[in-house]
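Single-structure report; data block below.
The values are calculated or read from the model by the stated rules, or taken from the named source; none is laboratory data. Keep in mind that what you see is a predicted model, and the values were worked out from it rather than measured. Cβ: placed from backbone, ideal geometry, glycine included. Neighbour counts: every protein chain shown. Note: areas computed on protein heavy atoms with side chains; ligands, DNA, RNA excluded. Shrake-Rupley method; radii C 1.70, N 1.55, O 1.52, S 1.80 Å.
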Amino acid sequence: MRADSRLIQMFVAVADALSFTRAAETLHVAQPWLSAQIRKLEQQLGFDLFIRDSRRVQLSDKGRRLLQPARDVTLSLEQFLAHVRRLQGEQQQAVLRIGLPPYSHLFPARVTLLEQFAQVDANVRIETVVSWSPELLEKVLAGSLDLAFVVGELNDAALQRLAISTGACRIYCRHDDPLAKLPRVQAAQLSGRQVLAFERALNPALFDQLFAAALHAGAVLQSDHEMMGERWLEQLLGGHAVGLNFVRTPPAHLLAQLCVRRYEDAADVGLYLIRRHGSSGGVSQAYWDTATAFAVGS
């Protein structure tokens with residue numbers, strides 16, 4: 001069969017988001033059209049990539065096995081396109097490519113800094129790519145992104161980083177929950193409790209930072225693909241699960257029903273701006289300098 005690289009990119013986007021709706025938003029396409037394209041790819045392959053039901057989307061066994069080769073194809077294509085853009089650079093408007101985690105708009109510092117970036121040079125067009133932090137790291141290393149905001153700790157000698165802001169880890173629960181009576185919460189107090197969590201594959205380092213102590217203490221993690229969204233907050237109110245968050249502030253209409261307590265067994269979560277070592281100069285340097293001044297002054 002002849003593989004369509006665009007369909008492979010769509011498969012990776014849906015697999016990362018585990019949501020056709022969020023993947024469609026990332027790709028800037030209509031959700032029904034994206035679903036139809038994935039069905040087209042599945043017909044070409046002769047097997048299902050996803051298990052779909054009314055509540056969630058999951059990768060099939062063959063889909064999981066095909067995901068890494070699909071990532072490799074997508075990364076190779078991005079590297080090719082990055083070379084093309086560099087060759088075209090003298091003839092086109094300069095472009096700054098920045099990666100953003102899907103929930104980074106909840107960090108006020110990120111919002112402010114991106115607004116400052118927009119004022120650096122009117123002759124530079126800023127393009128943003130929304131994805132989870134591990135994939136953004138790969139794109140920066142591959143050269144398909146100039147800069148990226150990432151969440152959580154990273155230890156890669158090939159990357160340079162600036163600390164933009166931090167968020168304290170907090171437990172969210174209903175006001176009638178026993179945890180609401182405590183001034184702060186420790187992992188041992190989550191033993192046997194259901195804790196809403198994202199899939200570890202989306203950001204393993206951040207997952208371990210947030211949930212490892214709770215898991216060790218006997219907490220039961222419940223996957224939730226709407227982590228830190230409005231529906232996530234509503235789930236906390238509607239059931240017996242608790243949530244762990246480092247950036248979200250409950251909206252005013254839910255403040256009377258939700259209780260927020262400091263979580264003692266997870267370090268504060270950092271938001272960083274990263275670039276490859278050796279990539280100083282060029283169109284991105286002025287933006288890195290702007291971020292440096294912001295980080296020093298914040």
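A few notes on this one:
- Within the stretch 117-130, restricting attention to residues that are of a type outside the set (Val, Ile, Thr) and at pLDDT 90 or above, the residue that is farthest from Gly243 (Cα to Cα) is Gln119.
- Candidate set from the stretch 207-233 (those that are modelled with pLDDT under 90 and either among the aliphatic types (A, V, I, L, M) or assigned to a helix (DSSP H, G or I) (or both)); member that is nearest to Cys173 (Cα to Cα): Leu233
- Selection count where residues are under 20 Å from Phe198 (Cβ atoms) and surrounded by 12 or more Cβ atoms within 10 Å (Cβ to Cβ), scope the stretch 28-56: 4
- Qualifying residue in the stretch 167-177 (condition: over 14 Å from Gly243 (Cα atoms), more than 18 Å from the chain's Cα centre (by Cα) and open to solvent by 10 Å² or more (accessible area, probe 1.4 Å)): yes
- Qualifying residues in the stretch 178-205 (those that are open to solvent by 60 Å² or more (accessible area, probe 1.4 Å) and among the hydrophobic types (A, V, I, L, M, F, W, C)) - the one nearest to Leu215 (Cα to Cα): Ala188
- Filtered residues of the stretch 76-101 (kept if crowded, with 16+ Cβ neighbours inside 10 Å, closer than 21 Å to Val14 by Cα and either modelled with pLDDT of 85 or more or β-branched (Val, Ile, Thr) (or both)): Ile98, Gly99, Leu100, Pro101
- Condition check for His240: open to solvent by 30 Å² or more (accessible area, probe 1.4 Å), farther than 26 Å from Trp132 by Cβ and at pLDDT below 80: yes
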